[in-house]
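Novice: Can you read through this structure? Questions will come right after.
A short reminder: the numbers here are calculations on the coordinates, not readings from a lab. This is a predicted model, so every value here is computed, not measured. All Cβ positions, glycine included, derive from the backbone under ideal geometry; neighbour counts span all protein chains shown.
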Amino acid sequence: MSPARRPRRMVVLVLILVVAVGVGAASAFPLRTLFDQRSAIAASESELAALEAELETLEARVDALDTPGEIERLARDRYSMVRPGEEPYAILPVAREPLSIPPGWPFTSDPLQAG
């Protein structure tokens with residue numbers, strides 16, 4: 001190899017290296033954007049699948065609520081409705097024991113009696 005070819009070969013190698021670094025830097029930003037978009041798409045697809053599953057559940061509930069038996073059951077349970085001729089009965093809860101209030105000023109009717 002002649003001494004004149006050596007600097008020329010070095011210049012070509014440096015130019016190739018500069019071009020390669022430039023191409024790598026120029027493609028790094030679009031690649032990062034591409035990967036971010038893929039990640040966002042995957043998250044959106046996961047959310048869509050969850051929403052579609054919830055939609056199926058709600059549609060099944062709507063179908064169940066659209067039957068006369070379910071309507072009657074809800075009317076009886078939630079609104080205490082009865083059919084004509086039926087008598088509604090309500091069972092009251094067990095009464096609590098009365099609260100015991102300690103004697104003393106904040107609990108008496110006369111604030112001047114501090115007993």
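Novice: With a ≥ b ≥ c the root eigenvalues of the C-alpha gyration tensor of the chain, is it rounded (a/c under 1.5), prolate (a/b larger than b/c) or oblate? Display every interim value, and only then the final one.
Specialist: Values: a/c = 10.23, a/b = 2.27, b/c = 4.51.
Oblate.
Novice: If you keep only loop residues by DSSP, which GluC sites (Glu not before Pro) in segment 1-109 have at most 15 other Cβ atoms within 10 Å of their Cβ?
Specialist: E86
Novice: Which ³J(HN,Hα) values in Hz, rounded to whole numbers, follow from the phi angles of segment 55-66 under the Karplus curve 6.51 cos²θ - 1.76 cosθ + 1.60, where θ = phi - 60° and Gly and Pro get x?
Specialist: 4, 4, 4, 5, 5, 5, 5, 4, 4, 5, 6, 8
Novice: Mind checking the angle between helix 68-79 and the chain's longest principal axis? C-alpha axes, 0 to 90 degrees, to the nearest 10.
Specialist: That helix lies at roughly 60 degrees to the long axis.
Novice: Continuing with this model, one more query. I'd like to know which of A95, L13, I71 lies farthest towards the positive end of the charge dipole of the chain, counting +1 on Cβ of Lys and Arg and -1 on Cβ of Asp and Glu.
Specialist: Sorting the options by dipole projection puts first L13.
Novice: Oh, and also: Evaluate the charge dipole of segment 8-83 about its Cα centre and quote only its size in Debye, nearest 20, assuming +1 on the Cβ of each Lys and Arg and -1 on the Cβ of each Asp and Glu. Let's see the in-between values first.
Specialist: Values: 9 positive and 12 negative charges, 169 e Å.
Result for segment 8-83 is approximately 820 debye, rounded to the nearest 20.
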